[in-house]
Amino acid sequence: MTEEIIRLERVVKEFRRGDTAVRAVDGVSLTIGRGEFVSIMGKSGSGKSTLLHLMSGLQQATQGSVRLLGRELSQLKDDDLTLLRRTHVGFIFQFFNLLPTLTALENVALPLLLAKVRTSVAEAKALELLKTVGLTSRAAHKPDELSGGQMQRVAIARALAGDPPLLFADEPTGNLDSASGEEILLLLKQMQIDRGQTIVMVTHDAKAAAYGDRLITMRDGRVLDDQLTGGMVG
Amino acid sequence: MTSLYARLARRYLAGKKGRSLMTLLGIALGVTMVVAVLLINNAILASYENLLSAAAGRADLQVSATTGFGFREEVLKAVAASPGVAAAVPVVRSGSPVVAGDRQAGATFYGIDAEQDQKVRDYRLTSGRLPTAVGETAISTELAGNLAVENGGKLSLLTTKGLKEFTVVGIFDAAGTVRGALGPFGVITLPAAQVAYGKEGRLDLIDVTVADGHAVEAVRDLLAGALDDQVRVGTPVERSKDMQRLLDSVIFLLTMAGAISLFAGAFIIYTNVSMSVAERQRDLSILRALGMKRGEVIGLVLTEAGLLGLLGALLGLVWGYGMATFMAGQMTDQFLTSYGVQTAAVTITLPTVAVALAVGVGAALFAAFGPARETVTVSPVDAMRPGDGPAAGAKRPGWGRVAAGLGLLLGSAVVLWLTWPDGSAMVSPLLLRAWGLLLVLMLLGVVVMLPALLTGLTRVIFRPFLTAIFGITGRLAADNLVRMPRRTAATICSLMVSLSFMVAMGGVEASQMSTFDAWYEKTIAWDMNVSSSFSGIGAQVEMDAAFVRELAQVEGVRLVSPQKMMRVIIGDGDQAFLQVFDFELLRQYSETMLEEGDWETAADLMEQGGHTIISPAIAARLKVGLGDSFTLPSPDGPVSVKVAAIMSDVTPYGGTISIDQQDYVKNWHDETATNVAVLVTPGATPEAVKERLMDRWGESMHLNIRLNREFWQELRAAYEGFYGLMDGLVWVAILVSGLAIANTLLASILERKREFGLLRAVGSRPSEVLRVVVGESLSIGIIGGLIGVAAGLGLQWCIGSSSQYINGATVRLVLDVTTIATAVGVALVLAPLAGLLPARWAARLDVVEALRYE
Amino acid sequence: MGGLAVKHGILGILAGRPCHGYELKTEFDNLTAGLWELNVGQIYSTLERMVKDGLVESYADEGPGEDRKMYRVTQDGLKDLETWLSRPPLKARPLRDELYVRLGLLVEKDLAATLDLLDSQRRVYHLQMAELTRQKIGVVRAHGPDRVRREMMLDSALFHVEADLKWIENCEARLRALGGKEE
């Protein structure tokens, strides 16, 4: 295996629901290497989203160790965790989560601007990314003037703005029609092939999961199956 | 259906306790003010009317003095002889301190003709009889109780010559004697009263009963025609209008405070309702989808608001009652006692309750209607779909609103300008109320205009400004400001309104204080002021000339200057405050602060006699200027005086007239003094002289001596008492608007929870999220502060410069830097502070939780 | 089954241009984007039958090479192709799968073994799906002129595999609900 980016060891995540504790993730251990496109599948409630949140540092594990790029997440303070996210992780969500007051270009530039990159530099970079996702002509449009697929492409561009080694996608096609969904998946695949981007994607859709080259199936908070589904495509 | 509304409404309100409580408080505050205004006006007028009618007994008409110091006894004959008059009963009256042993009390004393008097007043004697000889008195059971004297006991009454002993020959039950409350009351014989109060040969009042078969109106007109200017004829209760002008200024400020509080309250309701509606858009839409009609959904939301309005109104009713009681007490202490009003009983009447409920519920429904209607303009399907927060460009307020707002603002300004007093008339109470309405309309104009103005301001100022300072977080803050322009505008309005109220009140207070200080510095230059029973603006019992001459002999006294202060009725039929000075003496130690004319010239003219110095209010009321003449009523008939100067006036009694003692003595034939200004010789200290005077006359004359500084403090305290209350109201309003800001921000954060979650996910630190929210609240503070301070200064100018046409007090406007700085501080500190709580909440949001869709 | 489709597939290809026998295999594979692989023997036997029926005729090629035998379509062949293409829609596909038989034999006897069977079958389907997706990505990235046809074929396969996967999930859920123990 190539360089290791994520390592989970006996990770447990519990949520309190009323008086009972629910184990959303129950003793998961796995590693993800650089350049992998990992799909995580499972029904709702299987713990797949929680696993993604734990890997990306959006949530802290109850037990076990989560190492992201060699750093133990449980030992990071909130600010450092934020900084790690800002510089090393990109996110794509089911509902796009673009800021409605910003244009497509500004949305893409947002992580850079938050990281205090000069506006001109940030916007140049954002424009280049919009070109990559094929939306140069929509740079000045606000999210409510874009279609779902276009919004998700903007979101992908935004996720890539900081050149993060790692991209997390949480049901990226869940809110799209199948044609737009395929476009998005293809775009992700291209990022993996052309840029060597590591991608971790959560989905409940087998067809979407098939874009990955490793499939982790979750059930009841555990890894039911972890199979390599293919070699590289050139 | 209704019960379903009530159940849903109750559940929701109970679920959102904090917010419901805030809405409740907002309404309660507004209703409190409205109720207090209503109650206090009614309480004071009612107490005074009650007092007047109580004292008048069965009298249909009263002939009373306009001269300030009684009228000639001969009038009685003319009245008695007039056709239609069944009985004409003479009275000399005074408020008097009474002493019995070591007990003291204040009481109203009537000098009566025992036989005549029973034609208008029944004395239900519990023991003894009415006084028939000098040295005898009958007192009410209440006064007897206060003094712990019984029939046959002794008491001392303060007279112009000091305390004089009287024997109690009868005790009567006041409740059976007079209608309503008169307070502690006693009677002595008419001749005894005339001597005791320095009113030999005069009367204060003739109570008249009209013979059967004669119309009261006709008799009144006949009498008024037959009698000269030293008296006026009217029903007993009519005299209560003398007090209206005094009340007006207080009522005006209170009404304004009420309107402003109600405004702020309405904004809070607006933001809260629109927030709750936004939160429950989906729930409400489900109800719609399940078959609830549009009207029924609106009804549901309005039921909630109405319920809160009702509770708020009830709370406001209770608070308003408390406030009115407190204020009535204060006002009684400060100046009503000089009218003989001992207590003003505040009673809640059915109309007050109705008004309170109407105002509370009405304001709640009015404010809730807009947001309630919005719930049904969205299709249920759209609303049930999990969507993003409010879109960026949704519902941009159009130019139509700007035009409407501008129209309201300019229209009101024009009306104000057209009705502004030109210095030749006082402002009528009706106009004063109309101005209150104009004020509300102008505020409304700003409110209507603000959403659009906000959008422009944000684009031109805040966005570049905040972006320059905070980068992208600042930019987001500025954009969020106009996401819901109406709600933000409502919040800004409540801040603006409170701040303008604060600036205006602070400014008026500072102006009045600085005017007062300047006036005091110049005018009150005596070392001490001696009186025998000083209360409010003057003594209730005068001191005679012989005593004043004795005062001058005391060791250490350099100069004594007797003065006379009284209320007269001048040409326009209203009250004025008449001051009598010996200007030859006065100019040796003091100077009158003038608005027009030159002091030396004026003092020369006053010394010559036949001249007067008047306040601007008198000039306006009588339409006279420098060099013009007008007449004053005196027991000798009208006295013509020529205006030598126009002076500044700090009293709120509707205008002041100064004349020289020689003119007074010549026409009023009265040499008593209400108070004496005393100056000490070089080397003697005022304290030592005061002690000497008190040793000698303290007891026998019931002396009351104020040193210069003490008097200043006393007057200051009176102002501060009033403004302290106003300040309290201001801070409550500020607090409420602070809550409103926190509320709005919380609402906008709740709606944009996912955006904050996203910011956190893509790498915003909690501190940066904090900055977005605080930037937003800071902007609200800046706009609210800016407009608030500007509006406040305008308001201050209006109140300040119209003051002399409202209650006669001159106010020289000063810019009150402290208040303005405080207001700016509040805007720049309170607003971000109010934003901090919701901001911290936003910053601490669990990212995953925030991004989740239910 | 499928003999008719193979025959007319070959007729169709020959209607485009005359071919060698061995060329026909690649062309046929291409036609269905590799979903329907034929062996060479099957092609030659079909060709022979068609020559006999007079639908196809063979002739010798003039160029160099071992196999000079070329095939072209006759007038009868073209007519036959036309009638076939304009036939009414096909009957629903008969559902036959070896898995059904295995499952049928196990399900009432050994629940655990059934679940294992389904589990391993699911892995196979995922692998197949990944392979199909890879092909599809290849097609899309290649931007060839036959992209639409190939994508359609691949999609059909993907949807079928997806249906199989869903069915397996459904079976698993059913069996678990019956009280099958975890794993």
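The values are calculated or read from the model by the stated rules, or taken from the named source; none is laboratory data. Here the structure is a predicted model, which means the values were calculated and not measured. Glycine also receives a Cβ, built like all others from the backbone with ideal geometry; neighbour counts cover every protein chain displayed.
Quick notes on this structure:
- Candidates B:Arg294, B:Arg288 - the one that is buried (at least 21 other Cβ atoms within 10 Å of the Cβ) and among the basic types (Lys, Arg): B:Arg288
- Subset of the range B:136-154 [closer than 22 Å to B:Pro191 by Cα and touching a helix residue (DSSP H, G or I) at 6+ places or on another chain (Cβ under 7 Å)]: B:Ser140
- Residues that are at pLDDT below 90, out of contact with any Gly (no Cβ under 9 Å at 6 or more places or on another chain), over 15 Å from B:Gly655 (Cα atoms) and in a loop (DSSP other than H, G, I, E, B) do not occur anywhere in the range B:568-585.
- Some residue of the range B:412-434 being within 14 Å of chain A (Cβ to nearest Cβ) and free of Cβ contacts under 8 Å to residues at least 40 places away in the same chain: no
- Condition broken by B:Leu793, with the remaining ones in (1) surrounded by fewer than 23 Cβ atoms within 10 Å (Cβ to Cβ); (2) aliphatic (A, V, I, L, M); (3) not in a helix (DSSP H, G or I) satisfied: (3)
- Taking the conditions (1) surrounded by fewer than 20 Cβ atoms within 10 Å (Cβ to Cβ); (2) in contact with a strand residue (DSSP E or B) (Cβ under 7 Å, 6 or more places away or on another chain); (3) among the charged types (D, E, K, R) in turn, A:Glu36 satisfies each one other than (1).
- B:Asp117 vs. criteria in contact with a strand residue (DSSP E or B) (Cβ under 7 Å, 6 or more places away or on another chain), of a type in the set (D, E, K, R) and in the same structural domain as B:Thr132 (by TED's automatic domain parsing): yes
- Number of positions in the range B:804-854 that are under 26 Å from the mean Cα position of the chain (by Cα) and either part of a helix (DSSP H, G or I) or free of Cβ contacts under 8 Å to residues at least 60 places away in the same chain (or both): 11
- Whichever residue in the range C:21-33 is of a type outside the set (D, E, K, R) and loosely packed, with under 15 Cβ neighbours inside 10 Å and, among such residues, is farthest from C:Glu131 (Cα to Cα): C:Tyr22
- Spans of helices (runs of 4 or more DSSP H) in the range C:72-183 with at least 2 residues more than 10 Å from chain A (Cβ to nearest Cβ) and more than 26 Å from A:Asp225 (Cβ to Cβ): C:75-85, C:111-142, C:147-177
- Any hit, the range B:595-612, residues being in the same structural domain as B:Ile659 (by TED's automatic domain parsing), of a type in the set (A, V, I, L, M, F, W, C) and part of a loop (DSSP other than H, G, I, E, B): no
- If you filter the range B:667-698 down to residues that are in contact with a Gly (Cβ under 9 Å, 6 or more places away or on another chain) and exposed (fewer than 15 other Cβ atoms within 10 Å of the Cβ), you find that the one that is farthest from B:Phe71 (Cα to Cα) is B:Gly683.
- Test result for A:Asp19, loosely packed, with under 14 Cβ neighbours inside 10 Å, over 18 Å from the mean Cα position of the chain (by Cα), acidic (Asp, Glu) and farther than 18 Å from A:Tyr211 by Cα: yes
- Within the range A:68-96, the residues that satisfy the criterion of being in contact (Cβ under 8 Å) with a residue 40 or more places away in the chain, in contact with a strand residue (DSSP E or B) (Cβ under 9 Å, 6 or more places away or on another chain) and within 13 Å of chain B (Cβ to nearest Cβ) are A:His88, A:Val89, A:Gly90, A:Phe91, A:Ile92, A:Phe93, A:Gln94.
- The residues on offer are B:Ser428, B:Ser514, and the sole one that is surrounded by fewer than 23 Cβ atoms within 10 Å (Cβ to Cβ) and either at pLDDT below 80 or at positive phi (or both) is B:Ser428.
- Test result for B:Ser634, among the polar types (S, T, N, Q) and either outside any strand (DSSP E or B) or over 23 Å from B:Glu595 (Cα atoms) (or both): yes
- Lone unmet requirement of (1) of a type in the set (A, V, I, L, M); (2) in a helix (DSSP H, G or I); (3) in contact with a helix residue (DSSP H, G or I) (Cβ under 6 Å, 6 or more places away or on another chain) for B:Val560: (2)
- Look at (1) modelled with pLDDT under 85; (2) touching a Phe, Trp or Tyr at 6+ places or on another chain (Cβ under 8 Å) and you find that B:Gly792 fails only one, number (1).
- Of all the listed residues (B:Ala834, B:Ala823, B:Ala843, B:Ala839), the sole one being surrounded by 20 or more Cβ atoms within 10 Å (Cβ to Cβ), within 14 Å of another protein chain (Cβ to nearest Cβ) and not acidic (Asp, Glu) is B:Ala843.
- Residue selected from the range B:755-776 under the condition surrounded by fewer than 22 Cβ atoms within 10 Å (Cβ to Cβ) and assigned to a helix (DSSP H, G or I), by the criterion farthest from the other protein chains (Cβ to nearest Cβ): B:Leu770
- Residue check, B:Val732 modelled with pLDDT under 80 and either assigned by TED's automatic domain parsing to the domain that holds B:Asp574 or under 33 Å from the mean Cα position of the chain (by Cα) (or both): yes
- Hits in the range B:579-597 (condition: under 11 Å from B:Ala677 (Cα atoms) and under 30 Å from the mean Cα position of the chain (by Cα)): none
- Residue in the range B:450-463 that is of a type in the set (Lys, Arg), modelled with pLDDT under 80 and over 40 Å from the mean Cα position of the chain (by Cα) present: no
- Looking only at residues of the range B:699-715 that are touching a residue at least 60 places away in the same chain (Cβ under 8 Å) and either in a helix (DSSP H, G or I) or among the aromatic types (Phe, Trp, Tyr) (or both), we find that the one that is surrounded by the most Cβ atoms within 10 Å (Cβ to Cβ) is B:Met701.
- Considering the range B:82-118, and only residues there that are over 35 Å from the mean Cα position of the chain (by Cα) and in a strand (DSSP E or B), the residue that is farthest from B:Asp204 (Cα to Cα) turns out to be B:Ala100.
- Residue check for C:Gly16: of a type outside the set (Lys, Arg), touching a residue at least 24 places away in the same chain (Cβ under 8 Å) and not assigned by TED's automatic domain parsing to the domain that holds C:Asp146: no
- Looking only at the range B:260-313, and only at residues there that are free of Cβ contacts under 8 Å to residues at least 12 places away in the same chain and assigned to a helix (DSSP H, G or I), the one that is farthest from B:Leu739 (Cα to Cα): B:Gly295
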